[in-house]
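The values are calculated or read from the model by the stated rules, or taken from the named source; none is laboratory data. In this text the structure is predicted, and so the values were computed from the model without any measurement. No Cβ is skipped: glycine too gets one built from the backbone with ideal geometry, and neighbour counts run over all protein chains shown. Side chains are part of the model used for accessible areas, which takes the heavy atoms of the whole protein and leaves out ligands, DNA and RNA. Shrake-Rupley method; radii C 1.70, N 1.55, O 1.52, S 1.80 Å.
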Amino acid sequence: MTHGSKIDGPAAGLSSLADLRNELLNAGPQCTPADAELFTGPDDDAESDAARHEREAQAKAFCRQCPAWAVCLSYALAVRPDSGVWAGLTADELHGLRVRLEVA
């Protein structure tokens, strides 16, 4: 999906990813660019499975406290990430959720 394209699903009332991103930023997310490694992992791919699971658990706990969670989830479902933790879900968990929503 490209920037500016139409979106469907829970965010269908918004005309583009840009609109959804702006709504997310205006919702007051508690994460910042300084938190990126918590949600995406280290740049060097040297993270062990145990370290990744621990980091993802911390990221998910961080997301559970966030006032922008619902908007973040809509954004994550629209952008279809292939890695990281978004709205308290891993990319694989988001994919599974999206599949279930499309079937429903």
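Looking across the stretch 93-104, the residues that are open to solvent by 20 Å² or more (accessible area, probe 1.4 Å) and not small (Gly, Ala, Ser) come down to Glu93, His95, Leu97, Arg98, Val99, Arg100, Leu101, Glu102, Val103. Does Pro67 fit the bill of being at pLDDT below 95 and not in a helix (DSSP H, G or I)? Here the answer is no, as Pro67 does not meet what is asked.
Just for the stretch 88-101: of the residues that are in contact (Cβ under 8 Å) with a residue 24 or more places away in the chain and farther than 19 Å from Gln65 by Cβ, which one is farthest from the chain's Cα centre (by Cα)?
Leu101
Return the total of residues in the stretch 70-92 being open to solvent by 20 Å² or more (accessible area, probe 1.4 Å) and in a helix (DSSP H, G or I). Going through the stretch 70-92 one residue at a time, the tally reaches 8.
Checked against the criteria, Ala12 counts as modelled with pLDDT under 95 and among the aliphatic types (A, V, I, L, M).
Residue count for the stretch 35-84, restricted to those that are in contact (Cβ under 8 Å) with a residue 60 or more places away in the chain and among the β-branched types (Val, Ile, Thr): 1. Within the stretch 15-42, the residues that satisfy the criterion of being open to solvent by 50 Å² or more (accessible area, probe 1.4 Å) and either at pLDDT below 85 or among the polar types (S, T, N, Q) (or both) are Ser15, Asn22, Asn26, Gln30, Thr32, Thr40.
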